[in-house]
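A quick write-up on the structure given underneath.
The values are calculated or read from the model by the stated rules, or taken from the named source; none is laboratory data. Predicted, not measured: the structure shown is a model, and the values here were computed from it. Ideal geometry is used to build each Cβ from the backbone, glycine not excepted, and the neighbour counts take in all protein chains shown. With ligands, DNA and RNA removed, areas are computed over all heavy atoms of the protein, side chains included. Shrake-Rupley method; radii C 1.70, N 1.55, O 1.52, S 1.80 Å.
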Amino acid sequence: MFRSVFTGELLGQLRSSIDHARERGHGLRIRLRLKGVPELAELPWEFLYDQEQDHFLATSTTTPMVRYLDLPQAVGPLRAKLPLRVLVVISGPRNLPALDAEGEWERLKQTLGPLEAAGWIVLERLPCATLDALRRRARGEPSTSCTSSGMVASTRLRAMACCTSRVRRG
């Protein structure tokens with residue numbers, strides 16, 4: 001799909017824009033404006049894989065991809081009560097190399113530690129990284145936690161909230 005979209009001059013512009021942004025220490029947000037072509041909106045754009053760079057555009061921290069909706073009015077910042085509750089799901093797909101899940105969790109806790117200490121956020125880790133566990137957690141239902149023996153224990157989790165970089169206090 002990447003080769004179908006980014007060819008010739010458009011590919012050159014993409015590479016040039018990424019390099020230009022990188023030189024300035026910035027990323028390049030790719031906005032998908034698909035108004036007028038609803039048949040393209042359903043395509044999995046997040047799976048655009050750049051073979052030359054060996055990565056998916058959407059998973060790179062320097063090239064986030066967002067679907068842009070043309071709305072008749074501007075969407076204001078999300079108002080949320082603090083602390084923001086962040087649900088962390090660390091998965092380890094069997095078909096990929098093993099991830100140091102505990103190390104990732106510790107790095108996340110360390111990085112966001114100052115925000116936790118200030119009372120701005122609360123990090124919660126989903127004990128079992130499955131779609132069913134995530135759905136249960138989002139509905140506020142009892143969730144399952146995984147144990148090393150493969151047994152499942154039931155726990156009650158609090159409601160999930162989403163984060164945004166444009167949150168106003170209040």
* Asked: From the residues in the range 55-73 that are under 15 Å from PHE6 (Cβ atoms) and of a type outside the set (Phe, Trp, Tyr), which one is farthest from the chain's Cα centre (by Cα)?
  -> HIS55
* Asked: Would you pick out the residues in the range 57-73 that are in contact with a Leu (Cβ under 9 Å, 6 or more places away or on another chain) and outside any loop (DSSP other than H, G, I, E, B)?
  -> LEU57, ALA58, MET65, VAL66, ARG67, TYR68
* To do: Considering every residue within the range 74-88, establish whether at least one is in a loop (DSSP other than H, G, I, E, B), closer than 17 Å to SER4 by Cα and either at pLDDT below 90 or open to solvent by 100 Å² or more (accessible area, probe 1.4 Å) (or both).
  => no
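Yes/no matrix, rows are residues, columns are (1) of a type in the set (A, V, I, L, M, F, W, C); (2) modelled with pLDDT under 85:
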position: ALA58; (1), (2): yes, yes
position: LEU112; (1), (2): yes, no
position: PRO127; (1), (2): no, no
position: LEU131; (1), (2): yes, yes
* Structure fact -> The residue from SER148, SER143 that alone is surrounded by 11 or more Cβ atoms within 10 Å (Cβ to Cβ), at pLDDT below 80 and not aliphatic (A, V, I, L, M) is SER143
* Residue selected from the range 28-64 under the condition touching a residue at least 24 places away in the same chain (Cβ under 8 Å) and among the charged types (D, E, K, R), by the criterion least open to solvent (accessible area, probe 1.4 Å) -> ASP50
* Every residue from the range 2-56 that is assigned to a loop (DSSP other than H, G, I, E, B), among the charged types (D, E, K, R) and under 25 Å from LEU71 (Cβ atoms) -> ARG29, LYS35, GLU42
